[in-house]
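What follows is a set of notes on a single structure, which appears directly below.
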């Protein structure tokens, strides 16, 4: 499940970048390139060898803030993920396409509730069916970015539908 949180964290981080939204009905649209690499300590420990994860792609976020009591943000994430194990020479790459709908029923205000609905392909590990479907996460707006976007951190989903098999990443890299 921790790999899912890496992907959705990209959505949250990217939603905080861009131009400040106006109080008018005009939506604010921002496209953010994403590129990073890190060693996944938890997965490395579970596999018994170093696991590196890299991702590149983009997130396009659109914030609809009427200046009233509610706001809606729609994010589209298109990423290419690569998992590598240098010691085994194993690696695989997959594409993930997610749409995130951030609903702010009380408006984009710190402490107000946020409901996040994620839909799409989350993960695709060789030898396992792809993890795809819909997840709903209840959250709270933690802060407003300097650019004016609400930031709600993602936790565990409250509702899940689709196929989310437990994939054996270690076997795919071994």
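The values are calculated or read from the model by the stated rules, or taken from the named source; none is laboratory data. These numbers come from a predicted model, not from an experiment. For neighbour counting, all protein chains shown are included, and Cβ atoms are generated from backbone atoms with ideal geometry for every residue, glycine included.
Could you list, in sequence order, the residues of segment 82-114 that are within 30 Å of residue 143 (Cβ to Cβ), surrounded by fewer than 20 Cβ atoms within 10 Å (Cβ to Cβ) and under 14 Å from the mean Cα position of the chain (by Cα)?
The initial filter retains those residues of segment 82-114 that are within 30 Å of residue 143 (Cβ to Cβ), namely 96-114.
Filter again for surrounded by fewer than 20 Cβ atoms within 10 Å (Cβ to Cβ), leaving 97, 99, 101, 103, 105-107, 109-113.
97, 99, 101, listed by residue number.
Looking at this structure, is residue 77 in contact with a helix residue (DSSP H, G or I) (Cβ under 7 Å, 6 or more places away or on another chain) and modelled with pLDDT of 95 or more? Please lay out each step first, then the result.
Details: in contact with a helix residue (DSSP H, G or I) (Cβ under 7 Å, 6 or more places away or on another chain): yes; modelled with pLDDT of 95 or more: yes.
Considered against the rule, which asks whether it is in contact with a helix residue (DSSP H, G or I) (Cβ under 7 Å, 6 or more places away or on another chain) and modelled with pLDDT of 95 or more, residue 77 comes out as yes.
Search segment 27-77 for residues being out of contact with any strand residue (DSSP E or B) (no Cβ under 9 Å at 6 or more places or on another chain) and without any contact (Cβ under 8 Å) to a residue 12 or more places away in the chain, and hand back the single one that is farthest from residue 170 (Cα to Cα).
Among residues in segment 27-77 that are out of contact with any strand residue (DSSP E or B) (no Cβ under 9 Å at 6 or more places or on another chain) and without any contact (Cβ under 8 Å) to a residue 12 or more places away in the chain, the one farthest from residue 170 (Cα to Cα) is 41.
Test residue 151 against the criterion of being closer than 25 Å to residue 31 by Cα and more than 19 Å from the chain's Cα centre (by Cα), and give yes or no.
no
Which of the residues belonging to segment 78-103 are over 16 Å from residue 118 (Cα atoms) and touching a residue at least 40 places away in the same chain (Cβ under 8 Å)?
81, 83, 84, 85, 88, 90, 91, 92
In segment 121-148, what residues are over 16 Å from the mean Cα position of the chain (by Cα) and under 17 Å from residue 99 (Cα atoms)?
If the condition is that a residue be over 16 Å from the mean Cα position of the chain (by Cα) and under 17 Å from residue 99 (Cα atoms), then 130 is the only one that fits.
From 138, 146, which residue is out of contact with any helix residue (DSSP H, G or I) (no Cβ under 9 Å at 6 or more places or on another chain), surrounded by fewer than 18 Cβ atoms within 10 Å (Cβ to Cβ), modelled with pLDDT under 95 and over 26 Å from residue 92 (Cα atoms)? I'd like the intermediate steps shown before the answer.
On the way: 138 fails: modelled with pLDDT under 95.
Only one candidate passes the filter, namely 146.
Can you find, within segment 50-72, the residue that is farthest from residue 39 (Cα to Cα) among those that are modelled with pLDDT of 95 or more and assigned to a strand (DSSP E or B)? Full working, then the answer.
Within segment 50-72, the first condition is being modelled with pLDDT of 95 or more, and the residues that meet it are 50-58.
With assigned to a strand (DSSP E or B) added as a condition, the list becomes 52-58.
Values: 52: 4, 53: 6, 54: 9, 55: 12, 56: 15, 57: 19, 58: 21 Å.
Only one residue fits best here, namely 58.
Say whether the condition of being closer than 24 Å to residue 158 by Cα, surrounded by 19 or more Cβ atoms within 10 Å (Cβ to Cβ) and over 14 Å from the mean Cα position of the chain (by Cα) is met by at least one residue in segment 56-64.
There is at least one residue in segment 56-64 that is closer than 24 Å to residue 158 by Cα, surrounded by 19 or more Cβ atoms within 10 Å (Cβ to Cβ) and over 14 Å from the mean Cα position of the chain (by Cα).
Looking only at segment 158-174, filter to residues that are in a loop (DSSP other than H, G, I, E, B) and either in contact with a strand residue (DSSP E or B) (Cβ under 8 Å, 6 or more places away or on another chain) or loosely packed, with under 14 Cβ neighbours inside 10 Å (or both); which one of those is modelled with the highest pLDDT? Please lay out each step first, then the result.
To start, the set of residues in segment 158-174 that are in a loop (DSSP other than H, G, I, E, B) comprises 158, 164-168, 174.
Going one step further and asking which of them are either in contact with a strand residue (DSSP E or B) (Cβ under 8 Å, 6 or more places away or on another chain) or loosely packed, with under 14 Cβ neighbours inside 10 Å (or both), we end up with 158, 164-167, 174.
Details: 158: 96, 164: 93, 165: 93, 166: 90, 167: 92, 174: 93.
Going through the qualifying residues, I end up with 158.
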